[in-house]
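First the structure, in the form of structure tokens, and then the observations on it.
Read the figures in this text as sums done on the coordinates, not as results from a lab. Keep in mind that this is a model prediction, so the values were computed, not measured. Cβ coordinates were reconstructed from backbone atoms using ideal geometry, including for glycine residues, and neighbour counts include every protein chain displayed.
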Amino acid sequence: MEIVIISLLAGCLLGASNIISEKWIGHLDQIVMAIVFVLLIAVGIGIGSNRELIGNLTLLGYKALVIAGLSTIGSVLVLWFAVLKVDFFQHHKKEEGQV
Amino acid sequence: MKMISCIVAAVLAGIALGWTLPSLMNPEVLDRVVTYVLSAMLFGVGISIGYNRRELVKIKAVGWRIVIVPAAIAGGSLLGASIACMFLNMSLKEVLLVGAGFGWYSLSSVLITQLYSAELGAIAFLANVLRELMAFVLIPFLAIHIGKIVAIAPGGATTMDSTLPIIAKMTDTPTAMIAFVSGLILTTMVPFLIPLLLAI
């Protein structure tokens, strides 16, 4: 699995260097999307070939819904609290005023 | 929305393929192939992140406070997910792994399938797709009724790509830039956070 992190870091370095032109970045998004679809099909194959998992799909969906709902609500509440404590916009406007 | 249907279609196609031809795939070979494909994807994502370093310079004006946004989103997501283990028959580690995807379904589902189990990978996929769907609905609502910055939260890691257009439309340019940086930071965190949570 280290190879995954190494690839990410190598990509970051390459992207941060000036070798890549803007034209390439446009193609890159399409290539990444194509790879994502290959991975999604692979995830599907993993689910589909596991009969036990298919039988439990409703239960898995229910678990997924609970976790997704709670983590979304959690992120909204914590960020809301943070916004009440730190005023990003006032700070930003001040900076804009200086500029 | 077209994107979401394509994603669901791809997974359903995979499920159908795996269901009809379970012998087609040798788990070990599939594992190895997926790892390499995943590395290729992250190499591409890395190039985007590195390239967008130039964008980061533009919002220097907002200052270091910007990191509070992804930190609050990450902390809140994990906190919310940890509450889920009280209702579900799952360990704290499992719910945290699913919550740590921050809406990045493709990476979190593949990583969790590879490193933990196909079952949790399936939950991670569904949960993170659902999170993205919820984000599409919640962003306009939060932007109007609560606040522009708060509207960034439900998108998680997706605020640098798929949900960014909606944030830009419903809020303003400074908020969209904060959303982009927040998504970028969260996206960078996911491939580190998931193996880290597994190691604990």
At 7 Å along the Cα-to-beta-carbon direction for both A:GLU2 and B:VAL8, put a label point, then send me their distance in nm to one decimal. 4.2 nm
With B:ILE112 itself left out, Lys, Arg at +1 and Asp, Glu at -1 over residues whose Cβ is under 12 Å from its Cβ give -1
If neighbour count is taken as other Cβ atoms inside 10 Å, put B:MET90, B:MET41 in order from fewest to most. B:MET90, B:MET41
What is the local net charge at A:VAL66, summed over the other residues whose Cβ is closer than 15 Å to its Cβ (Lys, Arg +1; Asp, Glu -1)? +1
Taking a label point 7 Å from the Cα of B:ASN89 along the Cα→Cβ vector, which residues of segment A:43-65 have an amide N closer than 17 Å to it? A:52-65
Order of B:GLU94, B:GLU55, B:GLU28 - criterion: other Cβ atoms within 10 Å of each residue's Cβ, fewest first: B:GLU28, B:GLU55, B:GLU94
Computed P(r) (all Cα pairs; chain B; 5 Å bins; percent): 1, 7, 14, 19, 19, 16, 12, 6, 3, 1, 0, 0
Computed label-point distance, nm, for sites A:ARG51 and A:ASP29 using a 7 Å Cα→Cβ extension: 4.5 nm
Beyond a 32 Å Cα-Cα separation, which of these cross-linked pairs lie in this structure: A:LYS23/B:LYS169; A:LYS63/B:LYS148; A:LYS85/B:LYS93; B:LYS93/B:LYS169? B:LYS93/B:LYS169
Cβ-Cβ FRET estimate between A:LEU9 and B:VAL137, R0 fixed at 30 Å, reported to 0.05: 0.30
Comparing B:LYS169, B:LYS148, B:LYS93, which has the greatest mean-square fluctuation in the GNM of chain B with Cα pairs linked when under 10 Å apart? B:LYS169
What order do you get for B:TRP64, B:TRP19, B:TRP104 when you list them from fewest to most C-beta neighbours inside 10 Å? B:TRP64, B:TRP19, B:TRP104
Connecting C-alpha atoms closer than 10 Å in a GNM of chain B, tell me which of B:ALA40, B:ALA71, B:ALA118 has the biggest fluctuation. B:ALA40
